[in-house]
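In what follows, a single structure is set out as structure tokens and then discussed.
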Amino acid sequence: MATKPSIVGLTNKNIFRVNFQEPYQEVTVRDESTPNIRSLVFSPKGNYLAYRTDKKLEVIKCADWTVTACIEGNIKDMFFSPLDTYLQVWEMYAMTKENPQGKPNLHVIKSATGENVGSFVQKNQFGWEPKWSADEKIFAIQMNNRVLIYEDVKLDRYTHTIQAEKLHSFSMSPSVTPAYYFSIFTLGKSGQPSFWRVFKFPDFDVNQALVSRSSFQADKATFYWNRRGTNLFTMTQSDVDKTGGSYYGKQSLSYGDVKGNAGNVAFSKEGPIHAIAWNPGNWNEWVAVYGNAPAKATLFNAKCDPLFEFGTGAWNAIYFPPEGNIVLLGGFGNIATGHISVWDMRGYKQLGKCSAPDTTSLQWDPRGEVFITATTYPRLTVGNGYKIWHYTGALMHKRVCGEKENLLSISWQPGTYPKSELSKTAPKGIEDATPKPVGAYRPPGARNKPSTFTLHEHEKPHRPGQSGDVAPSKQAIKQKEKREARKARKAEERADESPAAPAPAPATNKQPFVSTGDPEKDKKIKNLNKKLSDIEKLKQQKAAGKQLELNQLAKIDSEPALLQELAQLKL
């Protein structure tokens, strides 16, 4: 087993490998003698690497970087099974003179030998991917309005089917024996709702569904299973919002579990749902980023009860490392700043932050100590390259592509690696010369001055039910009592040393009321005294450390004008 993770990247010139140690030198694995490399993918356990060109696909064994399989053809997509045993490849479906009916274009091959264990006809690229159970004993593939289920990798004959009219998509839970669960999404007919349902293998009758939820505005669905395969969130979306509330369509999030519990998820801020993600290290926790900008991020449990509010920020993405002990919230794509913040999932503290503009991909290393951000082609044609960051936000390494060089993809090699001292001590970062994104426009009179923008209490990080106005904790009360006791003792000591003096009256701007004989003036004087009394209270609150609203600070600023007006009325 390797002691340190490595990085593999793909450019328009070569496939390279980077060992995670200074000085991060790149070693070529495949060079320009293998032209037109389109993409590469690691197996989930990190034992194999597959790459494809316009003419062939090769599987490389990562232990010695030798080729174990080669498939001729214009492969368009590929992925490995959960235990690295099999590789699924898809090529364009075509009918020729030799094969007027077309030929199978989806193949399942053994990673170690290249042996073909099954082939299927899958005309559409959307939804072509078959699904595996975590132990690779169940294989399922969608064929029109049916899901065909095969057992023990005997792909010549299916054993069970899920059949539903207008079947759009399906998913399989990551759980293993003795229970496997399937979720399906079916489109509704005219005037009828769409449905998503959960079944327990092998009971696939509609009346046997564990969960059945309907939606009248849903054209597609995305399924999110937790690590144990016991809880599921389904994001349904429509391309057009018939109510006119959103140009981008309508979203809704609902949940269900294998015990039959189900319901809709309601968020505390209106707007789109940008991202949701289950904690891979804790099957009972998940994070959502939602709402109109600035988006809000919240940690929930499986019952959808909020556990912690991360506040608001320029976020639209969530990334967990494998252990799930920390979480990264990022803002990319249409958020130009590339803002990144990393949080501790146990103490709910911010561990670090940085900015990576123009990021098109982000991935944690297998140890959860560092992450890599990249700007790749063809998403962006300029500024291609990658950066390695420590979770505290320190930039450790930066690589910029040269002239006529494009970075197509980059990825950490999966695997199990021992922890290092890096997780305990933040390294010394390097200088990042990348131009920072231009900030928001500020009028000339406000430039070079501190911003007056302040977050509301509910927009700051806090636990549910807490805000800046809640009562202090028991520990804070005890500390305050100790401070007051010390002050009292010191005051007694000073009193013993000197004669007692009358305590000065508290400073106040409120003047004693004396009638002027004019009822209108008296009324104005009383109103001014009341305003001055309110201002005095606000000043005391500010001195005590309480954060005031902008309108409250404006009241304090108006005090001199009120005093001047009061003096004129008394003349």
Point to revise | Candidate set from segment 531-571 (those that are touching a helix residue (DSSP H, G or I) at 6+ places or on another chain (Cβ under 7 Å) and of a type in the set (A, V, I, L, M, F, W, C)); member that is nearest to Lys521 (Cα to Cα) | key: Leu569
Study note, to complete from the structure: Residues of segment 11-28 being of a type in the set (A, V, I, L, M) and within 24 Å of Glu369 (Cβ to Cβ), in sequence order, are Val18, Val27
Point to revise | Odd one out for Gly263, checked against (1) touching a residue at least 24 places away in the same chain (Cβ under 8 Å); (2) of a type outside the set (A, V, I, L, M); (3) part of a loop (DSSP other than H, G, I, E, B) | key: (3)
Point to revise | Restricting segment 157-170 to residues that are among the charged types (D, E, K, R) and within 22 Å of Gln125 (Cα to Cα), the residue that is farthest from the chain's Cα centre (by Cα) | key: Glu165
Check your understanding: So which residues in segment 317-330 are buried (at least 20 other Cβ atoms within 10 Å of the Cβ) and touching a Pro at 6+ places or on another chain (Cβ under 9 Å), if there are any at all?
Key -> Phe320, Pro321, Val327, Leu328
**Study point:** Count of residues meeting criterion [basic (Lys, Arg) and assigned to a strand (DSSP E or B)] in segment 1-26
**Key:** 1
Check your understanding: Tell me, which strands (runs of 3 or more DSSP E) lie completely within segment 291-349 with 3 or more residues that are within 19 Å of Ile372 (Cβ to Cβ)?
Key -> 317-319, 326-330, 339-344
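One line per residue, one yes/no per condition, for (1) more than 31 Å from the chain's Cα centre (by Cα); (2) within 23 Å of Thr416 (Cβ to Cβ):
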| site | (1), (2) |
| --- | --- |
| Asp31 | yes, no |
| Pro35 | yes, no |
| Ser39 | no, no |
| Asn47 | no, yes |
| Asp54 | yes, no |
| Cys62 | no, yes |
| Ile71 | yes, no |
Check your understanding: Among the residues of segment 134-143, is any over 22 Å from Pro44 (Cβ atoms) and touching a residue at least 24 places away in the same chain (Cβ under 8 Å)?
Key -> no
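What strands (runs of 3 or more DSSP E) lie completely within segment 353-435 and have 3 or more residues being crowded, with 20+ Cβ neighbours inside 10 Å?
370-375, 385-390, 407-412
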**Study point:** Considering residues of segment 27-40 that are in contact (Cβ under 8 Å) with a residue 40 or more places away in the chain and outside any loop (DSSP other than H, G, I, E, B) only, the residue surrounded by the most Cβ atoms within 10 Å (Cβ to Cβ)
**Key:** Leu40
Check your understanding: Out of the residues in segment 85-125 that are among the charged types (D, E, K, R) and closer than 22 Å to Ile149 by Cβ, which is surrounded by the most Cβ atoms within 10 Å (Cβ to Cβ)?
Key -> Lys110
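Can you name every residue in segment 180-205 that is on the phi < 0 side of the Ramachandran plot, among the small types (Gly, Ala, Ser) and surrounded by fewer than 21 Cβ atoms within 10 Å (Cβ to Cβ)?
Hits for segment 180-205 are Gly188, Ser190.
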Point to revise | Unique match (being closer than 27 Å to Arg227 by Cα and out of contact with any Cys (no Cβ under 8 Å at 6 or more places or on another chain)) among Pro357, Pro322, Pro378 | key: Pro322
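Suppose the filter is among the polar types (S, T, N, Q), at pLDDT 95 or above and surrounded by 17 or more Cβ atoms within 10 Å (Cβ to Cβ); does Gln142 pass it?
yes
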Review point. So how many residues does segment 331-351 have that are free of Cβ contacts under 8 Å to residues at least 60 places away in the same chain and of a type outside the set (D, E, K, R)?
Key: 12
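To keep it simple, each residue is scored yes or no on (1) among the small types (Gly, Ala, Ser); (2) surrounded by 20 or more Cβ atoms within 10 Å (Cβ to Cβ).
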residue	(1), (2)
Ser169	yes, no
Pro178	no, no
Ser212	yes, no
Thr236	no, yes
Gly249	yes, no
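The values are calculated or read from the model by the stated rules, or taken from the named source; none is laboratory data. Please read these numbers as outputs of a predicted model, since none were measured by experiment. We place every Cβ from the backbone using ideal geometry, glycine too, and count neighbours over all the protein chains shown.
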